[in-house]
Amino acid sequence: MGIRRDFDTIIVIEKTDITKVVDIVHQILSERNFIVEEDEYLSYLILHEIMDDEHLEIDYDIPRRGLSAQESLDLLKNHKAGGALMYRKALNAFNVVVNFKSLNDVEIEALIFEADAYFSETNDFKNIIMDINRSELEIIGVTQGYQMLNDLDQEIEIEKILNGKINEEYRYVIDQ
């Protein structure tokens with residue numbers, strides 16, 4: 001197994017309407033010179049389906065085909081189950097996937113930033129977290145780690161934070 005490049009930052013927030021969360025995060029990233037990536041395959045909506053064996057299956061519906069960045073933002077704002085957008089820093093080509101995560105398919109409970117490990121350690125990224133903390137979103141906890149492998153791992157991590165147990169398995173933990 002090789003070294004994982006991706007670094008996840010999970011920011012657990014009080015349950016909030018997706019429109020408000022997307023507006024706040026998009027404004028913060030725009031002020032820091034990030035733009036929504038135009039590639040249609042880098043953004044998606046989350047669709048949850050229960051399979052016959054009662055296991056949760058997560059499908060990704062790609063909404064970007066033929067849509068502008070603004071149309072994709074508007075589509076995400078109206079999809080309560082969440083989704084993700086790929087942002088790119090205009091000057092130095094850092095890419096960040098921002099996943100708007102809902103555990104109840106009604107309100108957003110977490111933001112998951114997936115980025116290159118190098119970018120995740122920059123002051124620019126730390127300032128983004130501080131800006132989110134200063135916004136109207138109420139942060140419950142933040143944890144960082146190398147590529148939390150799948151959605152189930154991320155959901156378990158979110159639930160631990162919601163229950164006051166920030167998982168110390170990951171090396172980088174930020175207490176709020």
Report summary line: So, first residue farther than 16 Å from A69 by Cα in the stretch 84-111, second residue at pLDDT 85 or above and assigned to a loop (DSSP other than H, G, I, E, B), Cβ within less than 7 Å, six or more apart or across chains; the pairs are L91/N33; E107/D17; I108/S102; E109/S102; E109/L103
Report summary line: In the stretch 112-121, anything assigned to a helix (DSSP H, G or I) and in contact (Cβ under 8 Å) with a residue 24 or more places away in the chain is listed as A117, F119, S120
Query raised in the report: Can you name the residue in the stretch 122-141 that is under 25 Å from A93 (Cα atoms), in contact (Cβ under 8 Å) with a residue 24 or more places away in the chain and among the hydrophobic types (A, V, I, L, M, F, W, C) and is also surrounded by the most Cβ atoms within 10 Å (Cβ to Cβ) among such residues?
Result: I128
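What's the total number of residues in the stretch 79-109 that are farther than 20 Å from F119 by Cα and not in a loop (DSSP other than H, G, I, E, B)? Talk me through it step by step, then tell me what you get.
Pass one, the stretch 79-109, residues farther than 20 Å from F119 by Cα: 79-83, 101-109.
Checking which are not in a loop (DSSP other than H, G, I, E, B) leaves us with 82-83, 101, 108-109.
The total comes to 5.
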**Report entry** Extreme residue, modelled with the highest pLDDT, among residues of the stretch 1-52 that are of a type in the set (S, T, N, Q), within 19 Å of S102 (Cα to Cα) and in contact with a strand residue (DSSP E or B) (Cβ under 9 Å, 6 or more places away or on another chain)
**Finding:** T16
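The values are calculated or read from the model by the stated rules, or taken from the named source; none is laboratory data. The shown structure was predicted, so the numbers you read here are calculated from the model rather than taken from an experiment. A quick note on method: Cβ atoms are made from the backbone with ideal geometry, for glycine too, and the neighbour counts reach across all protein chains shown.
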